[in-house]
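Right, one structure below, let's go through it.
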Amino acid sequence: MHMFLNILVGLALLSVLGVLGAGMVGIARGDGDPRRSNKLMQWRVVLQGAALILIVLLMSLLRG
């Protein structure tokens with residue numbers, strides 16, 4: 001179970017990094033689509049929340 005959660009946390013963190021990178025590339029290019037930027041921001045927030053929940057779950061399992 002711990003290994004499974006470790007893998008999920010890693011995937012969640014890599015997903016956050018990917019969405020953040022996509023947003024930064026869009027800003028650097030000067031893409032003028034604010035809807036895409038907003039959608040990427042929403043996905044980043046959701047993925048960060050999921051990563052935090054998984055980290056808390058993992059820590060609680062390791063503690064007990």
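Any read-out appearing in this document is the output of simple, stated calculations on the displayed coordinates, not a laboratory observation. What you see is a predicted model; the values in this text were computed from it and never measured. When we count neighbours, we look across all protein chains shown, and the Cβ atoms used for this are built from the backbone with ideal geometry, even at glycine.
Relative to the longest principal axis of the Cα atoms of the chain, the long axis of helix 34-63 lies at roughly 10 degrees. Taking only alpha carbon atoms, the chain gives an Rg to Rh ratio of 1.15, where Rh is the Kirkwood radius. Roughly how tilted is helix 2-29, in degrees to the nearest 10 and between 0 and 90, from the longest Cα axis of the chain? Taking the Cα atoms of the chain, the angle to 2-29 is about 10 degrees. Report the paramagnetic label zone for residue 1: residues of the range 36-64 whose backbone N is under 20 Å from a point 7 Å from Cα along the Cα-to-Cβ axis. In the range 36-64, the label zone of residue 1 (backbone N under 20 Å from the point 7 Å along Cα→Cβ) covers 51-64.
Summed over qualifying helices (DSSP H, 4 residues or more, each -39500 (n - 2.57)) and divided by its residue number, the chain shows a 222 nm mean residue ellipticity of -32500 deg cm²/dmol. The dipole here belongs to the chain: it is taken about the Cα centre, uses +1 on the Cβ of Lys and Arg and -1 on the Cβ of Asp and Glu, and is about 80 debye.
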